[in-house]
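Here's the structure we're looking at; comments come further down.
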Amino acid sequence: MFLDAPAGYGYFEVLFTTAVDADQMTTISEPISASDEADEALQRQLAEEGPVPRHIAIIMDGDRRWADKRGLKRTEGHRHGRESARDIVRACGQIDVEVLTLYTFSTENWTRPRLEVQALMQYLEQSLRDETPELNENNVRLNAIGRTEDLPGRVQRALTDALAATADNDGLLLNLALNYGGRSELVDACRRLALQVQDGSLAAADIDETKISQALYTGGLPDPDLLIRPSGEQRLSNFLPWQTVYSEIYFTGVLWPDFRRNDLYGAIRAYQQRQRRFGE
């Protein structure tokens, strides 16, 4: 649930799959109504096909269009999008993905109508409080990246509580990108490095790609292996521009509120069929 921003930049190995293509791939795209046994079979199939990405990043796009197409309030799109997020988090934990990063609220989202932003903040606060018990039940540790200090106080408090409540979990790491912008992240990283140079703890000549990576919000985490964007849009919208230079990218026409674990499995299957070159 975020507002489209200017296109990302860098060199990307892009995999585009239309909704029709996804249906033709394999039984990975079976309906979400499959039984637990069928789901476990699909998960075993994924494990047999090849490595599962360590880090998956998702641009959760299409909530508003989903609601508009059905003549519903946009809050209904966000509510159904929350169901998608819950299912994807569960599935990632079950197939041993290490890190899942969800583009939840961008720095550009503040330009939306005031009442819509207020509703999103209220919804975010409530979601953080409501979902924490399930995160603990599934051994998920929560993390947040972005300029979270600029979020409303009540959201910051809910976030702090959720972070503390899940801090001891050692399963899937769920990264929520909140008030996140890729360019803002790079600016903040440059400021951190500039302060280190200023106080004498870092020489300017020692600044390299590793130092920059460590100064990012995601410092210490592996870069995304797979980036997924539902909704049919084919751009990165200011999301993880530094970290995704060698990510495999999967575009699908499925709107986020309709995106479920079988769509995730299809994206992973497509990833497994790629040969990663890392610029070579």
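Taking the number of other C-beta atoms within 10 Å as the exposure measure, put TRP110, TRP242 in order starting with the fewest.
Least to most surrounded, the residues fall as TRP110, TRP242.
Can you tally the net charge around GLY71? Count Lys and Arg as +1, Asp and Glu as -1, for every other residue whose Cβ sits under 14 Å from the Cβ of GLY71.
+4
If packing is taken as the average number of other Cβ atoms within 10 Å across a peptide's residues, how do 76-87, 249-260 rank, most packed first?
Going from most to least packed, we get 249-260, 76-87.
Read the figures in this text as sums done on the coordinates, not as results from a lab. Keep in mind the model is a prediction, meaning the values are calculated, not measured. Don't worry about glycine lacking a Cβ; one is built from the backbone with ideal geometry, like all the others, and counts go over all protein chains shown.
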